[in-house]
1. What per residue convex hull volume, in Å³, do the alpha-carbon atoms of region 14-135 yield?
2. What FRET efficiency would be calculated for the residue pair D197, A252, taking the C-beta separation as r and a Förster radius of 41 Å, to the nearest 0.05?
3. Can you tell me the relative contact order of region 153-234? Whole percent, Cα pairs under 8 Å, sequence separation 6 or more.
4. Net charge around C110, counting only other residues with Cβ within less than 11 Å of its Cβ (Lys, Arg = +1; Asp, Glu = -1)?
5. So how far apart, in nm, are the two label points at F90 and T127 if each is 7 Å from Cα heading toward Cβ?
6. From the C-alpha coordinates alone, can you work out the Kirkwood hydrodynamic radius of the chain, in Å?
7. For the chain, take the longest principal axis of its alpha carbons; what is the angle in degrees between that and the long axis of helix 103-114, to the nearest 10 within 0 to 90?
8. Using a ≥ b ≥ c from the Cα gyration tensor of region 153-234 (square roots of the eigenvalues), is it rounded, prolate or oblate, where a/c under 1.5 gives rounded and otherwise the larger of a/b and b/c decides, a/b for prolate?
Amino acid sequence: MTRKHFLKHHPEQTSAAGDPHWIFLTPAQAVDAVALDFQTYGPQPDLFRGLAPLILGTQCRIASPDETWSGVSVFRKNTFDRVENHQLGFYLIHVLETDPPNLNTLADICRQVFQTRTVAGYDRAGTISGIWIRSQMDSFICCQCGQCCRTLDYETGCEESDIRRWRNRGRTDILAWVQQRNAGPSASGPAYRIWVDPDTGEIPQTCPWLAPCPDHADRFMCTIHEIKPEVCREYPYTTKHAVMTGCSGRFAARTNHLFTKNHDPEE
Ligand code: SF4
Ligand code: SF4
């Protein structure tokens with residue numbers, strides 16, 4: 001499982017100025033992000049069944065527990081077609097792509113999928129309509145269990161801004177663990193891999209910058225905390241991201257204001 005979160009790392013997403021915790025996605029990007037959630041986390045039966053009326057319309061019928069099948073039936077051509085639970089994720093994405101809902105419904109779908117606040121509105125320039133989605137990182141409290149640094153995949157998480165930061169600080173010891181890939185204008189895929197052992201060329205399972213806390217035997221610390229990669233700064237991106245990737249930190253209650261009617265996070 002990767003540390004990256006597909007919301008934050010959508011290539012074309014934009015943040016609200018002055019508030020990096022809100023990102024804006026066009027409807028097509030939002031549907032892509034929903035599809036990535038389904039793909040990343042696999043079947044989520046309760047979520048899928050909760051989304052069915054929003055995506056398939058009120059004419060769909062969800063099988064009750066005492067029926068001999070499980071899934072959703074969809075009213076089409078004057079009859080009900082059955083979609084079994086194991087096919088439901090694919091089916092919901094297919095319908096989202098071929099028959100997109102209105103923006104408010106899409107915001108509601110995103111809220112259920114990402115389990116965070118969402119709102120329909122316009123981008124910062126006020127020209128493109130889409131969905132604002134809020135991360136929950138600002139309320140996260142890490143318990144320093146070190147689990148994420150031992151088990152999650154950080155290999156493709158290094159960005160150009162990380163490289164600049166380490167070069168500016170003269171951290172050749174960190175840069176020694178970065179492997180450049182796919183140089184050239186036509187290159188595709190991630191430009192860097194971390195953390196590649198300079199002696200063996202292998203990527204260790206546990207991050208080389210993780211160390212036990214001197215004062216707490218059961219806690220761990222990042223020895224490059226101040227300059228660690230963005231992918232580590234942005235983990236976990238939401239409560240769901242934490243839960244689905246085995247993070248045992250917690251999210252404190254927040255007191256952020258709710259949006260007003262013009263749906264602009266800056267208002
Ligand atoms: S750089 Fe720091 S936060 Fe990131 S995986 Fe390594 S020890 Fe963990
Ligand atoms: S609480 Fe979460 S973010 Fe903190 S070290 Fe553990 S897994 Fe990583």
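Each value in this text was obtained by applying a stated rule to the coordinates, not by laboratory testing. Here the structure is a predicted model, which is why all the values come from computation and not from measurement. Neighbour counts run over all protein chains shown; Cβ positions are idealised from the backbone, glycine included.
1. In region 14-135, the Cα convex hull volume per residue is 101 Å³.
2. Working: r = 37 Å, r/R0 = 0.91.
About 0.65, to the nearest 0.05.
3. Averaging sequence separation for qualifying contacts and normalising by length gives 31 percent for region 153-234.
4. Spelling it out: positives minus negatives among the neighbours equals +1.
5. Distance between the two pseudo-spin positions: 4.0 nm.
6. Details: mean 1/r = 0.0479 Å⁻¹.
After inverting the mean inverse Cα-Cα distance, the result is 20.9 Å.
7. 50 degrees
8. Cα axes put region 153-234 in the prolate bin.
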